Amino acid sequence: ATGQLQTVSKNPHTAALSQATYSPDGRSVVTTSFDGSFALFDSTTSQQVLHKTAAHSGVPVTSAVFSRSAMTVLTCGMDGVARLWDLRKVKDEVLSLGVPKKTEYRICLLYTSDAADEEDSVDLR
């Protein structure tokens, strides 16, 4: 209902959250956690849609960003790798960027253009 605070009935994470991000259309929220997982929620119902454990080989997942279409999510973890996930079939990542190594922290930033013919670009820090 509009104007009412809804809470998630069950928190899938077993450690603190590192980030929570809305999709571009506002219909979904992705959360990342120091337990090494990320979860996707329907923001209108607060229902969990998916939960991917050991998303970065068991090390903390530090950030996530949606693609413009909200059909993929790019996650970064303390393994030094950015992983692209197709939200329609999350069994394995679609693409891994980087060489696994221990890092202090890694964050994904997504830059989008207003021009419809330009691609999204990613900055890994």
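The values are calculated or read from the model by the stated rules, or taken from the named source; none is laboratory data. Everything quoted here is computed from the prediction, not taken from an experiment. Note: ideal-geometry Cβ built from the backbone for every residue, glycine included; neighbour counts use all protein chains shown. Protein only, heavy atoms only, side chains kept; ligands, DNA and RNA dropped before computing areas. Shrake-Rupley method; radii C 1.70, N 1.55, O 1.52, S 1.80 Å.
Observations, loosely collected:
- In segment 45-65, the qualifying residues are those that are at positive phi and open to solvent by 40 Å² or more (accessible area, probe 1.4 Å), and the one that is modelled with the highest pLDDT is 54.
- For residue 90, the stated conditions do not hold, so it cannot be described as open to solvent by 70 Å² or more (accessible area, probe 1.4 Å), modelled with pLDDT under 90 and touching a strand residue (DSSP E or B) at 6+ places or on another chain (Cβ under 6 Å).
- Search result, residues across segment 16-44 that are open to solvent by 70 Å² or more (accessible area, probe 1.4 Å) and more than 12 Å from the chain's Cα centre (by Cα): 24, 25, 27, 34, 44
- Looking only at residues of segment 1-42 that are small (Gly, Ala, Ser) and more than 24 Å from residue 67 (Cα to Cα), we find that the one that is modelled with the lowest pLDDT is 1.
- One residue stands out among those in segment 66-78 that are of a type outside the set (A, V, I, L, M, F, W, C) and open to solvent by less than 10 Å² (accessible area, probe 1.4 Å): the one that is farthest from residue 36 (Cα to Cα), which is 75.
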